[in-house]
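Q: One structure coming up, written as structure tokens, with questions to follow.
Every read-out reported here was derived from the displayed coordinates using simple, explicitly stated rules and does not represent laboratory data. It should be emphasised that the depicted structure is a prediction, and the values quoted were computed from it without experimental measurement. Using ideal geometry, Cβ is built from the backbone for each residue, glycine included, and neighbour counts are taken over all protein chains shown.
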Amino acid sequence: MDRKKPEIMKKGFPFVVIVLSAILGIGSRKYGNYLPNFMAEYTGDTMWALAFYALFWMFFPRKRNWEIALLTFDFSCLIELSQLWHPVWLEKIRSTIIGGLLLGFGFRYTDLFCYFAGCLLGFLIFSLGKSRRSNKKLFGEATCL
């Protein structure tokens, strides 16, 4: 008997990318003393952008991979630029664990290079099937939740 896969399984690959990115990114911060300085410094921000690439890939199924990469990079740059702004209400959000992970704390121009690298990595990973239509075979159909 051939069963149809549940919707969540169709989104399995991007979900795995998000989870692995989070593990690697948070792990690079927590265990940075055991990593080379370059990896400890830049892995977290690169993985952050990769996770958002996968998230946007899931929520915008009709967008092409280069459009997802551009959207992710633009979003990442806006978040980084928001770190120049420090109103009390935003600092309260940043002081939470989730707020700090999502919004960051202070502007660093080097983070922009990490975001570019994360977007490029996402583009390469999700372009394995050459197009969004052929990605259906590799990753399942991407549809909104």
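Q: So, counting K/R as plus one and D/E as minus one, what does the shell of residues with Cβ under 15 Å around residue 73 add up to?
A: Net of charged neighbours comes to -3.
Q: Using Cβ contacts closer than 10 Å as the measure, can you line up 35, 50, 78, 55 from fewest to most?
A: Lowest to highest Cβ neighbour count: 78, 35, 55, 50.
Q: Using a 10 Å cut-off around each Cβ, can you sort 41, 91 from fewest to most neighbouring Cβ atoms?
A: In increasing order of surrounding Cβ atoms, one gets 91, 41.
Q: With no solvent and one equal point scatterer placed on each C-alpha of segment 7-139, evaluate the Debye formula and give log10 I(q)/I(0) for q = 0.10, 0.20 Å⁻¹, two decimals.
A: Each listed q corresponds, in turn, to -0.34, -1.16.
Q: Once the convex hull of the C-alpha atoms of segment 83-124 is built, how many Å³ does it hold per residue, rounded to a whole number?
A: Expressed per residue, the convex hull around the Cα atoms of segment 83-124 is 69 Å³.
Q: Quick one: dipole size for segment 7-139, taken about the Cα centre, charges +1 on Lys/Arg Cβ and -1 on Asp/Glu Cβ, in debye to the nearest 20.
A: Result for segment 7-139 is approximately 720 debye, rounded to the nearest 20.
Q: Using the Karplus curve 6.51 cos²θ - 1.76 cosθ + 1.60 with θ = phi - 60°, work out ³J(HN,Hα) for each residue of segment 70-80 in order, rounded to whole Hz, and write x for Gly and Pro.
A: Residue by residue, segment 70-80 yields 5, 4, 5, 5, 4, 4, 4, 5, 5, 4, 5 Hz.
Q: While we're here: How do 80, 67 rank when sorted from fewest to most other Cβ atoms within 10 Å of their own Cβ?
A: The most exposed by this proxy come first: 67, 80.
Q: Could you go through segment 56-69 in sequence order and give the Karplus-derived ³J(HN,Hα) for each residue, using 6.51 cos²θ - 1.76 cosθ + 1.60 with θ = phi - 60°, rounded to whole Hz, and x for Gly and Pro?
A: 5, 4, 5, 8, 10, x, 8, 6, 6, 4, 5, 5, 5, 4
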